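Presented below is the structure to which this report refers.
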Amino acid sequence: VIQQAPVSNLSNALTGRLPGTIFINRSGEPGNDASQIRVRGTNTVGNPGALIVIDGIANRTGGLDRLNPADIESITILKDGSAAIYGAQAANGVILVTTKRGTEGKPQIGFSYNLGFNKPTRLPEVTDAPTYATMLNEIDEYRGNAPRYSAEDIQKYRDGSDPWKFPNTDWYGAVSKETAIQDMATLTVSGGSADVKYYVSLGTLNEDGVYKNSGTKYKQYNFRSNLDAKITDYFSLGIDLSGRQERRTYPTRAAGTIFRMLIRGKPNLPAYWPNGLPGPDIENGDNPVVISTPATGYVDDVNSVFQSNLRGKLDIPWVKGLNVTFNLALDESYRPIKRFRTPWFLYTWDYTSYGPDGEPLLLKSQRGLNTPELQQEFERTSGQTGNAYINYTKEFGNHNLGFMVGTEKQVLKGNQFQGFRNGYISTAVDE
């Protein structure tokens, strides 16, 4: 079911499919569109999210969000007492994710491709320039002032006969596309013998932003290899390897700033002048048709994640139903982030000056920074998890007896380095 959902983030594919679990999505920005997960509501302060456990290992980098839906075998929710083995981390519930494994038989090859089109669920309905001018005249009338626009002016806004002096701008239409494309592809191979089984997958994901000439994009490449081997009649071993590269590209102005400028954009101001040059800013140097593009620089955020797990299971031959299992997992992620901010240029007109060719004389002016600047960060996170469990089950006719005793140690480490420089004399070299 979740593979059929046309979304790029697994947490969003689960919305409405798990009883007692609420998914709250506050952003549709590519690469930043994860849902907040609440099991039976908000139960603690601080971090009220559910604990995510993937193949027996908790707190894996990326959690649910960046998993490939094609790799998922099952998802289970633990609530209340059933989650108690995870201690204080289970206060907000636990989501158990099990990935697919190989089965005995000939190699099975699968390929899936999903092409989707994203568009905003709802955009505000904003007024056009002639209506806006009429409203301003009404305000003037209420205040006892003369109207600032004549009936002829309002007609020019309406018919577009003088786009230089009387523009009629749909800011949302000027900045956003009707649809943004996303596509996902996955290749899987699985099979094996009675003693060795395997599951391997390769995947790719591309998602574009909703802006025209968008500076926002997300790309992901991922792989998974799950290998199971029967060493003896009583001992089996599993080796899981997975990795992915997440690449987020954004404008230097945040999405909140861009959409705030869309809301504040007046319909009687030009997004672009009739000659194609960008118009004046709405506020603080921000014209959304410019700051949503790479014209102001870029943010390049690359996160490379590698995860591994060595799993073993020993059945005690002289005690039926008794076994010991263990996991040893290692996680590493490397995340360089580069923010190169550059000045940008907008064009204003005093509505009276004309050049020798009779065209309006536009004034080019710099906005944003005085000089280019570069900020670079490097983040590294490491995780080591070791756990062991003793399980025992026995049936007595219609009755069952079972117990489990386990211990776990987890170490999570992170470090970050940041550098900054400004005063660049050119945008040609961003180093």
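The values are calculated or read from the model by the stated rules, or taken from the named source; none is laboratory data. Everything numeric here is computed off the predicted structure, so don't read it as measured data. Don't worry about glycine lacking a Cβ; one is built from the backbone with ideal geometry, like all the others, and counts go over all protein chains shown. The accessibility values were calculated without ligands, DNA or RNA, using every heavy atom of the protein model including side chains. Shrake-Rupley method; radii C 1.70, N 1.55, O 1.52, S 1.80 Å.
Ratio of alpha-carbon Rg to the 2.2 N^0.38 Å globular estimate for segment 136-283, to two decimals, please. Write down the numbers at each step before the final one.
Details: Rg = 28.6 Å, N = 148, 2.2 N^0.38 = 14.7 Å.
Cα Rg divided by the expected 2.2 N^0.38 Å: 1.95.
Give me the 1.4 Å probe accessible area per residue for the chain, excluding ligands and nucleic acids, in Å². Don't skip to the answer; put the middle values down first.
Values: 23280 Å² over 431 residues.
Using a 1.4 Å probe on heavy atoms only, each residue of the chain averages 54 Å².
Give the share of C-alpha pairs in each 5 angstrom bin for segment 369-427, from 0 to the last occupied bin, in whole percents, shortest bins first.
Distribution as computed: 4, 11, 11, 8, 9, 8, 7, 7, 6, 5, 5, 4, 5, 3, 3, 2, 1 percent.
Can you run phi through the Karplus equation (6.51, -1.76, 1.60; θ = phi - 60°) for segment 312-317 and list ³J(HN,Hα) in whole Hz, with x for Gly and Pro?
Along segment 312-317, the couplings run x, 9, 10, 8, 6, x Hz.
Across segment 118-123, in residue order, what do the Karplus-derived ³J(HN,Hα) couplings come to in whole Hz, using 6.51 cos²θ - 1.76 cosθ + 1.60 with θ = phi - 60° and x for Gly and Pro?
Here the 3J(HN,Hα) series is 9, 8, x, 4, 7, 10 Hz.
Running Debye on segment 307-371 with equal point scatterers at the Cα sites and no solvent, what base-10 log of I(q)/I(0) appears at q = 0.14, 0.15, 0.21 Å⁻¹?
Those come out to -0.73, -0.77, -0.95, one per q.
Give me the mean projected area, in nm² to one decimal, of the convex hull enclosing the Cα positions of segment 120-181.
Values: hull surface 22.4 nm².
Average projection, Cα convex hull of segment 120-181: 5.6 nm².
Taking all pairs of different Cα atoms in segment 29-136, averaging 1/r and flipping that mean, what Kirkwood radius in angstroms comes out?
Working: mean 1/r = 0.0555 Å⁻¹.
Over segment 29-136, the inverse of the mean reciprocal pair distance is 18.0 Å.
Just round it to a whole percent: the fraction of Cα-Cα distances in the chain exceeding 31 Å.
Working: 51741 of 92665 pairs.
Every Cα pair in the chain considered, those over 31 Å come to 56 percent.
In percent, what relative contact order does the chain have, based on Cα pairs under 8 Å that are 6 or more apart in sequence? Spell out each step's value before the answer.
Values: 963 pairs, mean separation 46.0, N = 431.
The normalised contact order for the chain reaches 11 percent.
Simple spin-label model, 7 Å along Cα-to-Cβ: Leu314 to Ala428 in nm?
Here the answer is 6.7 nm between the modelled labels.
Starting with the highest mean, order 372-383, 51-62 by the number of other Cβ atoms within 10 Å, averaged over the residues of each peptide. Don't skip to the end; give the middle numbers.
Numbers: 372-383: 16.7, 51-62: 20.6.
In decreasing order of mean packing, 372-383, 51-62 become 51-62, 372-383.
How many angstrom lie between the Cα centre of segment 323-347 and the Cα centre of segment 29-56?
Each part reduced to its Cα centre gives a spacing of 19 Å.
So which lysines pass the test for Lys197, namely a Cα distance under 20 Å, with those fewer than 8 places away in the same chain ruled out?
Reachable lysines: Lys100, Lys106, Lys230, Lys313.
On a 0 to 90° scale, report how tilted helix 255-264 is relative to the longest principal axis of the chain, with both axes built from alpha carbons and the result rounded to the nearest 10.
Compared with the principal axis, the helix lies near 30 degrees.
If you average the C-alpha positions of segment 230-265 and of segment 127-178 separately, how far apart do those two centres end up, in angstrom?
That distance is 44 Å.
Go from 0 up to the bin containing the longest alpha carbon distance in segment 218-260, width 5 Å each, and give me the % of pairs per bin.
5, 15, 13, 10, 11, 8, 9, 7, 6, 5, 4, 4, 2
For a quick protection proxy, order the peptides 176-183, 100-107 by their average other-Cβ count within 10 Å, most packed first. Could you put the intermediate results ahead of the total?
Working: 176-183: 16.2, 100-107: 13.4.
So the peptides 176-183, 100-107, ranked by packing, come out 176-183, 100-107.
Counting other C-beta atoms within 10 Å, and keeping those with at most 11, which DSSP coil trypsin sites (Lys or Arg not before Pro) do you find in segment 290-340? Could the numbers behind the result be given before it?
Details: sites: Arg311, Lys313, Lys320, Lys338, Arg339; in loops: Lys320.
Filter output for segment 290-340: Lys320.
With every protein chain kept in the model, how would you rank Leu187, Leu346, Leu412, Leu369 by accessible area, 1.4 Å probe, largest at the top?
On the way: Leu187 75, Leu346 0, Leu412 105, Leu369 45 Å².
I get Leu412, Leu187, Leu369, Leu346, largest accessible area first.
What percent of all Cα-Cα pairs in segment 1-86 falls into each 5 Å bin, going from 0 up to the bin containing the maximum distance?
Pairs per bin, as whole percents: 2, 13, 24, 28, 22, 9, 3, 0.
Once both axes come from the Cα atoms, what is the angle between helix 129-142 and the longest principal axis of the chain, in degrees from 0 to 90, rounded to 10?
Approximately 70 degrees, to the nearest ten.
Past 32 Å, Cα to Cα, is the threshold; run Lys219/Lys413; Lys119/Lys338; Lys79/Lys413; Lys266/Lys338 against it and keep the listed order. Spell out each step's value before the answer.
Working: Lys219/Lys413 26 Å; Lys119/Lys338 28 Å; Lys79/Lys413 28 Å; Lys266/Lys338 34 Å.
Pairs exceeding 32 Å: Lys266/Lys338.
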